[in-house]
Amino acid sequence: MKNGLLEMVNYQARYMSYCKAKGIEPGAHFKSWDYIVWVQDKSEQFKRENGINSLNSDELHRKFTSWLLKEVS
């Protein structure tokens with residue numbers, strides 16, 4: 001990535017976090033199942049750290065995405 005996450009405004013934040021964590025250039029070939037598993041694992045970590053059982057609201061999804069961006073920076 002040339003100038004960090006904010007430079008890539010055309011990509012979804014969770015995808016950009018995955019790319020940064022895995023060292024993949026955005027838009028490059030990747031295994032979609034690996035992305036899904038990675039996000040799932042990270043969401044489980046977030047839920048454990050925050051004492052919640054489910055990301056069952058828009059607010060929790062926003063908090064998870066913000067947490068994820070910080071986690072990989």
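The values are calculated or read from the model by the stated rules, or taken from the named source; none is laboratory data. Since the structure is predicted, the reported quantities are computational estimates derived from the model, not experimental observations. With ideal geometry, Cβ positions are generated from the backbone for all residues, glycine too; neighbour counts draw on all protein chains shown.
Matching residues to (1) of a type in the set (Gly, Ala, Ser); (2) in contact with a Lys or Arg (Cβ under 8 Å, 6 or more places away or on another chain); (3) farther than 18 Å from Tyr11 by Cα:
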{"site": "Gly27", "(1), (2), (3)": "yes, no, no"}
{"site": "Phe30", "(1), (2), (3)": "no, yes, no"}
{"site": "Gln40", "(1), (2), (3)": "no, no, yes"}
{"site": "Ser43", "(1), (2), (3)": "yes, no, yes"}
{"site": "Arg48", "(1), (2), (3)": "no, no, yes"}
{"site": "Ile52", "(1), (2), (3)": "no, no, yes"}
{"site": "Leu55", "(1), (2), (3)": "no, yes, yes"}
{"site": "His61", "(1), (2), (3)": "no, no, no"}
{"site": "Trp67", "(1), (2), (3)": "no, no, no"}
Can you name every residue in segment 54-73 that is more than 16 Å from Cys19 (Cα to Cα) and either among the charged types (D, E, K, R) or outside any loop (DSSP other than H, G, I, E, B) (or both)? Asp58, Glu59, Leu60, His61, Arg62, Lys63, Phe64
Of all residues in segment 15-27 being modelled with pLDDT of 95 or more and buried (at least 18 other Cβ atoms within 10 Å of the Cβ), which is nearest to Arg62 (Cα to Cα)? Ser17
